[in-house]
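For reference, the structure is listed below as structure tokens.
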Amino acid sequence: MTNPRTAALIVAAGTGVRSGSPIPKQYAPLCGKAVLAYSYAALSAHPAIDRVIVVIGAGQEAALRAALGEVEYVIGGASRRLSVLAGLEALDRLPGEGRGRLVVANDANNAAAPASAGATDGVARVLIHDAARPFLSAAVIDRLLAALDTHDGAVPALPVADTLAKGDAELGETVPRDSLHRIQTPQAFLFPTALAAHRGWPNDGSGDEPTDDAQMVRAAGGSVALVAGDPMLEKITHPADFAAAEDRLATTLRTRMATGFDVHRLEVGEELWLGGVKIPHDKGLSGHSDADVALHAITDALLGTIAAGDIGTHFPPSDPQWRGADSAQFLQHAASLITERGGIIDFVDLTLMCEEPKIGPHRAAMRDRIADLLQLDTDQVSIKATTTERLGFTGRGEGIAAQAAATVRVPGGKK
Ligand code: MG
């Protein structure tokens, strides 16, 4: 049996600013990355999930791009329920394998939406997640998907630890907590069940506005399993939640550093690209790609932090498609491998070794370019230069050498 097609929707359409941040909390930074970026990375990295689509609010395109770069998204509706519906409808229109990129505005003006290919090769399972819950583990996703073998839906649940009681100004009756649960997201459903439940919900205001999708599936007669939730999945709402989340995150991340080294030959008649910047000079670097020795060394340092081989592993010099290639894409690929596993790049340090050209006049432009490529602040990128006292190949002007170090934090690993 082939693996059923599984999609994930991240609902990030809220405009709430209860977090105290001037921007909606899902786009606010948490340890240097948007809140939304954490769950996006977790869902994208899960092997059972084929596709992740973000549902954003109207006018949040720029915030989404700043948070995640170019990703697939759908514009949501006036409530959480209508936003999820917009996402489900977009998934229903996917034509199966080989389809193009989805950027769906909404039903009314979505001219680009392909026709539905029918249920047989469409989405079979969907996870619906709130962007304000950043710390999503693969184990929770595994439990949810496993429960779909026997249920129409599944939700992560935590036991209630506190005493619960009714009351207004005065304490009333205590509520037995034994059978009560706190329900989290993501919630997983068989896709046709979730779509039918959402399509069938009254739009005339006659029904209560649901606070999650599981209650809609239950109202439509579906069965929903409870699986073990995760205290890490707590929702971020208030300013204090950000501080607590940063503390939780800090305990799960391990610092790693790695180095990279590269050399390229200087030749007459080549363009000189260094640190992603074209530098006027009477010689340029030759080699595989644009031969940007600085970006190659940083790329290797970043790959080193996750033990993901070296630049040649990912972009073999023997492959003609990398001939003359812009090395920026090598650097960004290495960075994406780190962020896909929930990692954060903290710092990059580079030393260039050459007699000529002088690096000082180009240092600022290189730092800005590298920071831009890695989505870092300029002060997270250091560039130094040295001559080798006219000794060796760099001293004779035959080539340029570059040495880089990168520091990252990545989740997991033994202590
Ligand atoms: Mg190289």
- Message: Condition check: more than 16 Å from the ligand (Cβ to nearest atom) and among the aromatic types (Phe, Trp, Tyr). Does Phe347 satisfy that?
- Response: yes
- Note on the structure: All-but-one check, Gly312 against (1) modelled with pLDDT of 95 or more; (2) within 13 Å of the ligand (Cβ to nearest atom); (3) more than 17 Å from Glu398 (Cβ to Cβ); (4) not aromatic (Phe, Trp, Tyr), failing number (1)
- Task: Only one of these is closer than 20 Å to His281 by Cβ and not assigned by TED's automatic domain parsing to the domain that holds Ser39: Leu352, Leu302. Name it.
- Result: Leu352
- Of all residues in segment 261-283 being hydrophobic (A, V, I, L, M, F, W, C) and within 16 Å of the ligand (Cβ to nearest atom), which is surrounded by the fewest Cβ atoms within 10 Å (Cβ to Cβ)? Phe261
- Message: Asp247 - would you say it is closer than 27 Å to Gln187 by Cβ, of a type in the set (Asp, Glu) and in the same structural domain as Val35 (by TED's automatic domain parsing)?
- Response: no
- So which of Ala219, Ala228, Ala214 is modelled with pLDDT of 90 or more, under 17 Å from Asp149 (Cα atoms) and surrounded by 13 or more Cβ atoms within 10 Å (Cβ to Cβ)? Ala214
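Every residue, every condition in (1) among the acidic types (Asp, Glu); (2) closer than 28 Å to Arg51 by Cα; (3) not assigned by TED's automatic domain parsing to the domain that holds Val52, yes or no:
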site	(1), (2), (3)
Asp130	yes, yes, no
Ser137	no, yes, no
Ala147	no, yes, no
Pro156	no, yes, no
Pro159	no, no, no
Leu171	no, no, no
Arg199	no, yes, no
Val227	no, yes, no
Met232	no, yes, no
- The one condition in (1) surrounded by 16 or more Cβ atoms within 10 Å (Cβ to Cβ); (2) within 26 Å of the chain's Cα centre (by Cα); (3) away from the ligand (no atom under 16 Å from the Cβ) that Ala250 fails to fulfil: (1)
- Query: What's the number of the condition Ser286 fails, among (1) polar (S, T, N, Q); (2) within 16 Å of the ligand (Cβ to nearest atom); (3) within 23 Å of the chain's Cα centre (by Cα)?
  - Reply: (3)
- Query: Could we say that Thr339 is polar (S, T, N, Q) and modelled with pLDDT under 95 here?
  - Reply: yes
- Message: Please verify whether Ile338 is under 31 Å from the mean Cα position of the chain (by Cα) and either within 11 Å of the ligand (Cβ to nearest atom) or surrounded by fewer than 18 Cβ atoms within 10 Å (Cβ to Cβ) (or both), treating the condition exactly as stated.
- Response: no
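The values are calculated or read from the model by the stated rules, or taken from the named source; none is laboratory data. It should be emphasised that the depicted structure is a prediction, and the values quoted were computed from it without experimental measurement. Neighbour counts run over all protein chains shown; Cβ positions are idealised from the backbone, glycine included.
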